[in-house]
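Here, each number is a calculation from the coordinates, and none is a lab measurement. Not measured: the values here are computed from a predicted model. For neighbour counting, all protein chains shown are included, and Cβ atoms are generated from backbone atoms with ideal geometry for every residue, glycine included.
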């Protein structure tokens, strides 16, 4: 079975690509979903996050206030590293378990911070979704993220051009959805 990673950056079109791979029949697991689950109430990650960041980041329902936490971690690199040290091991453990249980010729792990975590060698192929930086910023703002927050989040990630340079396949999402979907289909056919 081929282990494939899909990565990109904030608002680079990666989620659309992941959805298109799934529509083509690719098994897909989403690291963002796993990251949220890793600090859900009742988990060791929740305990570690509250110990590190304090109860001020716990909502009345007992869950971590992820927006408040994001405001801190994207302004403070030390805080971001501390949170990553809590979340990333749990995420990669869940991805490993998913691949071990997968009965398919290939599976795709959608991992936004693949290169940032240094885990690209864990995969047989790496696909990167890219667009122009000004598109990335405009898309992020269009999702309701302030320009300042979008710039902070983009600065916290590797540059898309660098990710593309290291990838096995690149999907340019700068054009139409149809063009992106065509690239996804071509790459999936090459990977299976």
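Out of 86, 108, one residue alone is in contact (Cβ under 8 Å) with a residue 40 or more places away in the chain, over 23 Å from residue 160 (Cα atoms) and either within 19 Å of the chain's Cα centre (by Cα) or buried (at least 18 other Cβ atoms within 10 Å of the Cβ) (or both). It is 86.
Residues checked against (1) over 18 Å from residue 80 (Cβ atoms); (2) surrounded by 22 or more Cβ atoms within 10 Å (Cβ to Cβ):
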| site | (1), (2) |
| --- | --- |
| 6 | yes, yes |
| 15 | yes, no |
| 37 | yes, no |
| 57 | no, no |
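The one condition from (1) in contact (Cβ under 8 Å) with a residue 12 or more places away in the chain; (2) surrounded by fewer than 18 Cβ atoms within 10 Å (Cβ to Cβ); (3) more than 12 Å from the chain's Cα centre (by Cα) that residue 32 does not meet is (3). Looking only at segment 123-152, residues that are touching a strand residue (DSSP E or B) at 6+ places or on another chain (Cβ under 7 Å) and surrounded by fewer than 14 Cβ atoms within 10 Å (Cβ to Cβ) come to 1 in all.
Among the criteria (1) closer than 23 Å to residue 41 by Cα; (2) over 16 Å from the mean Cα position of the chain (by Cα), the one residue 95 does not fulfil is (2). Out of everything in segment 178-192 that is over 18 Å from residue 133 (Cβ atoms) and under 20 Å from the mean Cα position of the chain (by Cα), what residue ends up being surrounded by the most Cβ atoms within 10 Å (Cβ to Cβ)? Restricting to residues being over 18 Å from residue 133 (Cβ atoms) and under 20 Å from the mean Cα position of the chain (by Cα), the top hit is 184. Answer yes or no: is there a residue in segment 62-70 that is buried (at least 17 other Cβ atoms within 10 Å of the Cβ), touching a residue at least 24 places away in the same chain (Cβ under 8 Å) and out of contact with any strand residue (DSSP E or B) (no Cβ under 7 Å at 6 or more places or on another chain). No, because not a single residue in segment 62-70 is buried (at least 17 other Cβ atoms within 10 Å of the Cβ), touching a residue at least 24 places away in the same chain (Cβ under 8 Å) and out of contact with any strand residue (DSSP E or B) (no Cβ under 7 Å at 6 or more places or on another chain). Taking segment 153-172 as the range and being touching a strand residue (DSSP E or B) at 6+ places or on another chain (Cβ under 8 Å), under 30 Å from residue 72 (Cβ atoms) and either part of a loop (DSSP other than H, G, I, E, B) or in contact (Cβ under 8 Å) with a residue 40 or more places away in the chain (or both) as the test, the residues that pass are 160, 163, 166. So for segment 112-122 (the condition being under 21 Å from residue 25 (Cβ atoms), in contact with a strand residue (DSSP E or B) (Cβ under 6 Å, 6 or more places away or on another chain) and in contact (Cβ under 8 Å) with a residue 60 or more places away in the chain), does at least one residue qualify? No, because not a single residue in segment 112-122 is under 21 Å from residue 25 (Cβ atoms), in contact with a strand residue (DSSP E or B) (Cβ under 6 Å, 6 or more places away or on another chain) and in contact (Cβ under 8 Å) with a residue 60 or more places away in the chain.
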